[in-house]
1. When the expected Rg is taken as 2.2 N^0.38 Å, what fraction or multiple of it is the alpha-carbon Rg of segment 26-92?
2. Would you kindly work out the equivalent ellipsoid of segment 48-146 from its C-alpha gyration tensor and give its semi-axes, the square roots of five times the eigenvalues, largest first in whole Å?
3. Suppose every Lys and Arg Cβ carries +1 and every Asp and Glu Cβ carries -1, with no other charges. What dipole size does segment 110-241 come out with about its Cα centre, to the nearest 20 debye?
4. Once the piece of chain linking Thr117 and Ala88 is laid out straight, how much longer is it, given 0.36 nm per residue of separation minus the C-alpha distance between them?
5. Which of the trypsin sites (Lys or Arg not before Pro) found in segment 32-125 are in a DSSP loop and have at most 16 neighbouring Cβ atoms, other than their own, within 10 Å?
6. Near Lys281, which lysines are there with a Cα under 18 Å away, not counting those fewer than 8 places off in the same chain?
7. Quickly estimate the mean residue ellipticity at 222 nm for the chain, helices only: each DSSP H run with n ≥ 4 gives -39500 (n - 2.57), and the total goes over all residues, rounded to 500.
8. At what distance in angstrom do the alpha carbon centres of segment 130-166 and segment 169-245 lie from each other?
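Since every read-out is calculated from the coordinates, none of them should be taken as a lab result. As the structure is a computational prediction, the values presented were derived from the model and not from experiment. When we count neighbours, we look across all protein chains shown, and the Cβ atoms used for this are built from the backbone with ideal geometry, even at glycine.
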Amino acid sequence: MHRADAAGPLRDLAERTGAVVMTTAGARGAFPEDHPQSVGMAFPWGTPAHLESDVILAVGTQLGESTQFLMPPGWAGPDTQKVIHLDADPAVLGVNRAVDVALVGDARAGLVALTETLVDRGISRSPSDAAATYAREFQEFRHTLQDSYLEIDTSPVHPGRLAVETARFLPDDAVVCIDGGNTGLWAHLAMTFSRPRSLLWTGHFGHLGTGLPYAIGAKVADPQRPVLLLSGDGAFGFNIQELETAAREGVNVVAVVSCDYAWGMEEVYMQKVANTTIGVKHSEVRYDQVATALGCHGEFVEKPDELVPALERSFAAGKPAVVQVVVNDRENINPPGLDDFVGMYEASTT
């Protein structure tokens, strides 16, 4: 969607049809998430719309694991739910779910053509009562959950408080990069994206460590926009040496590192599978001091009220910065949606 510059045509088609819109994680921002027809990211918050929609128009997506392959139990079966799939790559059409209508073409051009056809035929619809309810309930759920985390004033910092506080600090034109396992789930929960090309994240296997390179690339590509990375400590360690690259090249990104000093998502899996954990704990590395040694600005946060001042100093530092935040490791292993996330991958491998 982003590569095809299809955000405008997507909104035009959605508003003409009255359809609810959900995006995959990688397409967040292609449709404004504060729009009254948005039900946010396809997983895990759009489930009622998943199940009860009569027709699905899938655009520019492989319909992979992050959308549960459009298969039950997350979605209705082919006998009651029709699928139209538009993609530039014909090889992905019908691979993960049989489709009723396959359209080969560029996302932008395809959406424009569909809208023009509706205009020519005089077809226009307002959102149905059910669609309006889905969107309203999504907005209410999101705001209620986010507000609840801001009230948690414990130390170490609650990971929900970290994610929401960071999200609300950022200006609307910020680019956010996300990296990590459970940290990624907390970040997606807290963030709202209403502009295209505002999020860089990949949920595919093997993505750990992409966050800092993504952030550097985003800042080089668009130097006027603030760029923030929210990463788990395990993921951050993969390419921490690129802080030196950022400092040497004057690429002023801010990395917020959520430190539970563990492989948090792996700990959850190991508990579920083996009822034990082995080798999941890290040393309590001072990433802020590593950043300083590599020519960057460093901040260390242990209490919630220290976070916003640390972010303010980091963005004003005139150099790359790392804000290390110590989070509650027991809270960090159970982000909302984790059980569904685990179940999704278990289902995809059986």
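1. Details: Rg = 12.0 Å, N = 67, 2.2 N^0.38 = 10.9 Å.
So segment 26-92 has a normalised radius of gyration of 1.10.
2. Numbers: eigenvalues 114, 80, 37 Å².
Result for segment 48-146: semi-axes of 24, 20, 14 Å.
3. Working: 10 positive and 14 negative charges, 61 e Å.
Using only the charged Cβ atoms, the result is roughly 300 debye.
4. 8.5 nm
5. Working: sites: Lys82, Arg97, Arg108, Arg121, Arg125; in loops: Arg97, Arg121, Arg125.
The qualifying sites are Arg121, Arg125.
6. Lys272
7. Numbers: 14 runs with 139 residues, N = 350.
When only DSSP H runs of four or more count, the value is -11500 deg cm²/dmol.
8. 20 Å
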